[in-house]
Each structure stands twice: as structure tokens, then as C-alpha cells.
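Here the structure is laid out as C-alpha cells; the discussion comes afterwards.
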Amino acid sequence: MTLPLPALHATHAGIWLAGPDGVREASRGEAIGRAAETPHILLNAPLVGQRLGYGEVSGLDLLELFAFIYPARFAVPTVAGMARAVGLEPPHDDASGAALLPRIAEALLATLTDPQWSAREGAWTVNATLHRLGWPWAALVGQRLPRPERAERMLFSRLPQWEESADRPPPRTLNIPPAAAVDRLEELTGANAEQRDGQRAFAAAATHVFGPRERKDAPNLLLAEAGTGIGKTLGYLAPASLWASQAGGAVWVSTYTKALQRQLDAEAKRLFPDPSERRSKVVVRKGRENYLCLLNLEDALQGAFSGRAAVLAQLVGRWAAYSRDGDMVGGDLPGWLPSLFRRAGATALTDRRGECVYAGCPHYRRCFIERAERASRDADLVIANHALVMVAAARGRLARPPERILFDEGHHLFDAADSTFAVALTGQEAIELRRWIVGPEKSSRGRRRGLAARLMDVCSYDEPGAEALDAAVEAARLLPSDGWLGRVVEGAPFGPLEALLSQVRGTVLARARAQDAGYGLETELAEPDGDLVEAAATALEALEALQRPLAALGRRLEAVLEDAPDWLDSAARARVEGAIAGLTWRGQALTAWMQLLARIGGPADPDFVDWLALDRVEGREFDIGLHRRWLDPTRPLAQAVLGPAQGVLVTSATLRGGGGDWAAAEARTGALHLPAEPKRFEARSPFDYATQSEVLIVTDVKQGDLPALAGAYARLIEASGGGTLGLFTAIQRLKAVHARIADRLARVGLPLLAQHVDPIDTGTLVDIFRDDPRASLLGTDALRDGVDVPGESLRLVVMERIPWPRPTVLHAARRLAGGGSAYDDRVIKAKLAQAFGRLIRREGDRGTFVILSAACPSRLLTAFPPGVAVRRVGLAEAIARVAERSVVEGALQPLANAAEVGAGDV
């Protein structure tokens, strides 16, 4: 049965309307008019609106219906992906895709009457609320969804509670024999699996990490460069799982991207095939801002949200009841769901900085964040990310710092440490601190979130604590408040911090180069004038006046815990402990700000790089501030994270940065700052890169010629028949190229996706790209490092130019300290190696790597694997070679006339 409702399908190739009389192509005007008059079945309304050039388009969005019926389940958000999800044959073209939309809708709605439907509980109640909110699907759902015989349980009563448990005993001291690790590896891979010598050697070498260390602050450190295809994930999980089970300890596996976290979580099925055992043995940990806050959700469900945001809240509530861990960013919440609402309210549902009331929350015992934190205490394997590991270690947020850490994607350790240990005294950061202490400036329907509101009842029992709290609130009123940026721009700052930011802005504008106008501006913090020095001194006094009562309040709260008065029940204790943790790391931030201000007018600290910045987006100012970075951020990394650990593995396919040496790897990972020399391991990729790939440097596409660049991309994608990953160094060029070629490619059946253009999150864009071998994807740095698309779906990588470092104050300082142009070369080669690494992911992959820039020095070509042929060719020859390789590989048939279509046709 097919729903008697019209459907609207829009792509870059055209617009189709489906109805009782069949499918026909329509103009944009007609489609907009019909959609405004009659509700149509759509797939991804924001994307359809963008295709129509109309913005908001309302209708019956299949993705919203899917999220209602299958909460916590992902489906590729295309017609083909949705068809497969409901058991239908995918369409063969866009017109048949339009006709398929009503059939997909009927298949989804039929699930509501299926006795085996596992997500029935709560559906009737939620749909009744959605009906009142005007959700287009509510009436159709209500017709098929019988009213339950008894009232359904409320969402929050259905969520499981976590339980307190005794502290885990310290792990036993033991060694893992290399032979035992190899045996465990064979057990995980299976008896019939292909024997990979590199993987076996890696598993044996990784046992070094799990032995007892010999010196204080000198972990057993292994630096391992394991080429793509070695199978390094199971290579280190084999000894890790042995040690965890025998020693009774937890191994932390840290990654840089959410994609690898998902991959590691999937690999855990090999370690623990039983789902219930896996839930207790493997825990995924992320920063608090990734998780759904149940108190925020309750506010939203009770009326704090309205309109489309209220619909989103109801669908997220459906998901929360079935989610594994409440992770809204990269977890089991489909990444496309928030984008359907243009992120209206999505960020307001997560845990935001400083607002948590800990045990004061009525949902504390069901909190996803608290549950994950407690589960990780007893887990064998904790899958985290670099930022969480470093922040937790730097702020002392972990009850027991991890003793065994495995850093995958270890080539990113430098960048992760650079962000973690950075200092930024900006208007946005300062107003965030003010709100954390004082609370919201304006009246709000939500709960009060200021420090005073959270601790008022506790401090009412302690007079010195109450006095310190009052003094902190009063001192915080000198920090920037709402409207600070407008006052600074108008030359009417209020308070010492806004006065400082006004001086910073004036200095930056005075020293900025004319060609930087319209973009973020910065200048080195050197030779400050008298007004800036005076403003810094006054701001320093204000920060000191704030730090004193905050420190006093922290001491009083610690005394309350030590004395344990009668009124201090477990809930109050948890709230006090949370406040102490917040005060501790906020105090650390204040100290860093004061150190930065104290340096103005005095000698520079050679360990740091300091600068002033005016942040802009497309010419619009949004923040002003002072910045400080470590010249070498691996120094605090070694001190706070590596040194306290017993054993550390740092591994990557490009740990040495693409043809670099071990000295470069040691410098980028912090090994240089540890008292003991690390062990090293190398296993080259088993792939035959000379046969499977080639590098083409195109010499006749003039830099800065946008039509020529767009034409080159279009013709290369046509020659390859899709399957292309296009990498850009500037978002504006990406958008311009996409605008010129997307329609043309779509008309010949080659969909083009684009980061920063399509209203879809990056992870979902990659999923769509992976799912369709004829699709291509344009993106920036996030795609250079975070894409794992093996097989036919990725057979061509095109870089628009060499990724030269941006000439910032920070880069200039590190370049000077790191050897000038040699430092630049190391950075660029690392990026080229990572980009090339997207191309060949599995045995049997074939592909071409193209750089559209004649300005590619030969010294950079060592970034590519040995044996790969590198040719400098014209565009016409590059197109011919790509087409030839696509035909030889048996890939999708490229367009016959790709080589003849000129750039002028774009």
C-alpha cells in the first residue's frame, strides 16, 4: 500500500513531484507553490529547502518519522539509504526516488502495528504531545498507534540508575609475554584469518607498555609507526585485553576523532562477544558537552522550548529512553537529527559549561555523564579522546589517573596538547566565568545556574563560606557582561576587563595589515603602549580581587567535607565535591590569566608565545582577547599526562610525519621531555602502493583562477565516475567550486556533497559518501584526517593546493624555533601523508592522488610512501590517467567526454 500523499524530491539535478498521476519534473517556483499549499512527503527538509533556494520548507519529513519509530538507530539519510533501512529496493534514478518516498513512509508507518516493534513504550504519549505541537506526522501515526491499556511510564522513570561501588583495587604488577599477546591476537582474528607478520610483531612489541616501570616519571613508552593495513587496532587490543583481565586494571585507549572511537567500540565485539559483558567491560568516554543533560531535557519538555525546537526535544526524549549512553555527538543519536531543526535547541540539551548542579539534580542517579564516569572505574577498556584525557589529567578530574594509555592517531598529540594547555583571556571566556559565578544576566524560565544559587543552602550553614561567596559574586560583577562587545566597539567599556579589551582591540587595529581586513586580525604582544600596560595592571587587580574569595570559598568547602556536619548528606556532599572541582579548575584558569597580564610591560617568557587577537567572521567581530600558547606544548603533556603513567603507547600510520625521522616523532609526542628513552617500533604498510596508486601534480591550473579550478575538479570527478574526495585549504574556495559544478555533475548522475555547504553534519556526509560509489565529497582539514572510506567509494583524492601553514604569530615563533623552512616542510609533509592515507585503506583498493598546484617542491614528495610514482602532468593527461585507472579497476564507468569538456563550460 502507498500513502495517498504527494511527494517532493529535489537534488542538484532537478526537482520531481510524485502523486497519483505518476512522477514528473517541476520548476522551482511550482515546487515551492505546491509545497506551501499541500503537505508533501520529503526527505531532509532543510536540504530540500536549500535545493529550492527557499530556506524553510515544511512537510512530512521521512527522517523525523524514522527517528520517532527507530530511536537510537542510524540510517543513511538518502532515498537509497532509507529504502534499504525498511527493506525496499533502492531507486535507480532521482525520478524513481521521488516515487519511492510514499512507499518508504508506508513501510515506516506499518511498523507501528507490528507486535514485535521494540520501541513501542512511550510512543503513544510522545505522539499525543507532538500532535498538540503540530507535528505533521502525528495524525498519521495516531491512526495506526493504538492507545495503551495502562498509562505509560514517564521517560525519567524508565531510565536505569547507576549505583555506587567500592573503589577498584590497584592493578596487579605483572608482565605480558610477547608470545601470549600473539596468541591472544590469533584468538581475536580467528583461526582462518590471514596471518599478518606486521600485526603480530606489533602485538608483541606493545607488551612493553604493560610491564612495571623502572623509574619515577618514566613510563614504559613505545613509539610505534604502523602503516595503514597493519591492523594496529587489534595489534594493541590483544595485549591490552590480556593485561586488563590478568592485572585487574583499566586500559585507556585515546583517539583524536569520533570516527575512530566508533571503530574501536565496534572492534570491542571481538573482545567481548556477549553484549551484556561488553557493556560492563567497555566504556566510551567523552567530554561533558557531548552528553544529553536530563535536567535540560526536562526543562525543554515542560515548555522551555517552543515551535520546532519543542518537536526536537520530544524526539530526543524518545531517543534518550533507548540510547546506550546518552551521547548526542557521535553516539547513537543520528547525526542528521539535530540538523533537521537547524540545530534549534540541540546544544541547549547537552551539558553546558558550569551549569551542572550535580547531586542537586533530581535526575542525578540517572545522569548519563555520571553513569559513564562510574562505569569507566570498573571497565577493562575505556575509549576516550586526547582532549578528555589531557583535560582530566591537567585538572585532576579523574579519581585515579590512567596507568596504561594507548594513544592512537598519535600524530595529533601535539595539536591536542596545544589546545588543552592554551590560555585565552577573551571577552567570551570572561563573560562565561561571570555567568558561572553570578548566573544569567536576564530572567529565564529555566533554573538558576550561578554559583550562588548552587551553593546558597550549603553556605547558609557556614558563615565564612557565605561571606566568601558574597565577595566572589561582587567581584565577578567587574567582569564583562551582556552587551560587552558593543560597548567596546563604541568606545564605552564598563569595568576594568572591558577597558582592557578595548585597548587590545585598538592595538590590533593599529598594527593590522590592510590586506587582513575582513578576517581575524592578530598582532604579537610586544612593545605594548602605556595605555595597554595600565589597562592590564588594572584588570590584574580585578582578577586578584576575584581569585581571593574563590580560593577562600574552596577552602571552606573542603573544611565542610572534613568536618562532615550532620546536615551533610550524600547529595549535599556530591554537590560540594562538584563545586570544589569547578572552583579548582576555574582557579587555575584565573591564575593563568593573571600570569599573562603580569607579563605585559615586562620581559617575555621564552617558553610561551603571546599575542593579541580580534576574531572576525566575514568581517563581523565576535571576540577580542589575549592569547598564550606553549612554544612546545608537549612539555606540559609530558609532565601532566605521560609522566604519571606506568605505560604509554603512541601509534599512528604517520607518526614520523611522512618521511620524517624518529627525532621528529619524539619531539611531537613529548618523549623528548621524559627521563628515559622510548622504545621504537616500525611496521610498513603491506600494500603495494606502486601498483595500487599514483600521485599526479597538475602543472597548468593557474593558482587563483577560480573557473579553471572548478573546471579541473568537475572534469576529474567525471573522469573517475565519482568516488572523489576533494580537499581544500579555504572554505570560501570550497563553496565557490561547489556552486559552479554541483548542478553539472548531478545532471550526469554524480552527486556532489560539501562540508560547510550542505546542512548536514560532517559525520553523516561521510556516511552518505561511503554509501554511494558515484558520490563525491568536498571538505577541509577535518576530512583530511578523519575519513575511513575503503573500497570503490573512494578512488580519487584531489587537493586544490599545497597546505602551506597560515602565517600566524604562533606559527612564526615555532618556525623560528624549529629550524625555519625545515619546520614548515615537516608540517606540510605530515598533512600530505595524512591526505594520501585516505586513498588506500584495504587490500585491493586502487586510486589516484592529484594536487592541482605546480608549486609543489620536490623536497615534499618524500611524504608519500616509497615506490609511489609521482608525475608532473598537464590537466588533460591527469584526466586521461584518472579515467584509464577507473576503467582498469572496474570502477563505475567514467564519462566518455570528460577529457573534452573545458573549464569554460563550468
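The values are calculated or read from the model by the stated rules, or taken from the named source; none is laboratory data. Predicted model only: the values in this text are computed from it and were never measured. All Cβ positions, glycine included, derive from the backbone under ideal geometry; neighbour counts span all protein chains shown.
Say whether the condition of being surrounded by 22 or more Cβ atoms within 10 Å (Cβ to Cβ), in contact with an Asp or Glu (Cβ under 7 Å, 6 or more places away or on another chain) and outside any helix (DSSP H, G or I) is met by at least one residue in the range 316-323. Steps first, answer last, please.
Start the filter on the range 316-323 by keeping residues that are surrounded by 22 or more Cβ atoms within 10 Å (Cβ to Cβ), which leaves 316-320.
Of the ones still in play, those that are also in contact with an Asp or Glu (Cβ under 7 Å, 6 or more places away or on another chain) are none.
Looking through the range 316-323, none of the residues is surrounded by 22 or more Cβ atoms within 10 Å (Cβ to Cβ), in contact with an Asp or Glu (Cβ under 7 Å, 6 or more places away or on another chain) and outside any helix (DSSP H, G or I).
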Note on A730: of the conditions (1) more than 30 Å from A638 (Cβ to Cβ); (2) among the hydrophobic types (A, V, I, L, M, F, W, C); (3) surrounded by 21 or more Cβ atoms within 10 Å (Cβ to Cβ), unmet is (3)
In this structure, does R842 turn out to be basic (K, R), at pLDDT below 90 and surrounded by fewer than 18 Cβ atoms within 10 Å (Cβ to Cβ)?
-> yes
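For the range 219-253, what are the residues that are among the polar types (S, T, N, Q), within 15 Å of A206 (Cα to Cα) and outside any helix (DSSP H, G or I)?
Of the residues in the range 219-253, the ones among the polar types (S, T, N, Q) are 220, 228, 233, 241, 245-246.
With the extra rule that they be within 15 Å of A206 (Cα to Cα), the set shrinks to 220, 233, 241.
Within the range 219-253, N220 is the sole residue that qualifies.
Matching residues to (1) in a strand (DSSP E or B); (2) among the aromatic types (F, W, Y):
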residue	(1), (2)
H9	yes, no
I15	yes, no
V23	yes, no
A31	no, no
P39	no, no
L47	no, no
R51	no, no
Y54	no, yes
V57	no, no
Helices (runs of 4 or more DSSP H) completely within the range 472-577 that count 2 or more residues being surrounded by 14 or more Cβ atoms within 10 Å (Cβ to Cβ) and not hydrophobic (A, V, I, L, M, F, W, C) | 495-511, 530-563
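Could you say whether any residue in the range 348-358 is outside the structural domain of A581 (by TED's automatic domain parsing), within 30 Å of A304 (Cα to Cα), assigned to a helix (DSSP H, G or I) and at pLDDT 90 or above?
Of the range 348-358, the ones outside the structural domain of A581 (by TED's automatic domain parsing) are 348-358.
Narrowing the set further to residues that are within 30 Å of A304 (Cα to Cα) leaves 348-358.
If we keep only those that are assigned to a helix (DSSP H, G or I) too, we end up with 348-349, 358.
From what is left, the residues that are at pLDDT 90 or above are 349.
Taking every residue of the range 348-358 in turn, at least one turns out to be outside the structural domain of A581 (by TED's automatic domain parsing), within 30 Å of A304 (Cα to Cα), assigned to a helix (DSSP H, G or I) and at pLDDT 90 or above.
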Is it the case that the range 296-305 has a residue that's surrounded by 22 or more Cβ atoms within 10 Å (Cβ to Cβ) and closer than 26 Å to G837 by Cβ?
-> no
Scan the range 301-309 and give yes if some residue there is of a type outside the set (D, E, K, R) and at positive phi, otherwise no.
-> yes
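Where in the range 771-887 are there strands (runs of 3 or more DSSP E), lying fully within it, with 1 or more residues that are assigned by TED's automatic domain parsing to the domain that holds K735, more than 25 Å from the chain's Cα centre (by Cα) and closer than 30 Å to M82 by Cβ? Reasoning before the result, please.
On the way: elements: 776-779, 796-799, 847-851, 869-873.
In the range 771-887, the matching strands (runs of 3 or more DSSP E) lie at 847-851.
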At negative phi, in contact with a Gly (Cβ under 7 Å, 6 or more places away or on another chain) and without any contact (Cβ under 8 Å) to a residue 60 or more places away in the chain, is that true of A664?
-> no
Residue hits (the range 128-162; under 32 Å from the mean Cα position of the chain (by Cα), surrounded by 19 or more Cβ atoms within 10 Å (Cβ to Cβ) and in a helix (DSSP H, G or I)) are L130, L155
Would you please list the contacts, defined by Cβ atoms under 8 Å and residues six or more apart or on different chains, that run from a residue in the range 106-123 that is touching a residue at least 60 places away in the same chain (Cβ under 8 Å) and outside any helix (DSSP H, G or I) to a residue that is surrounded by 18 or more Cβ atoms within 10 Å (Cβ to Cβ) and among the hydroxyl-bearing types (S, T, Y)?
-> A119/Y70
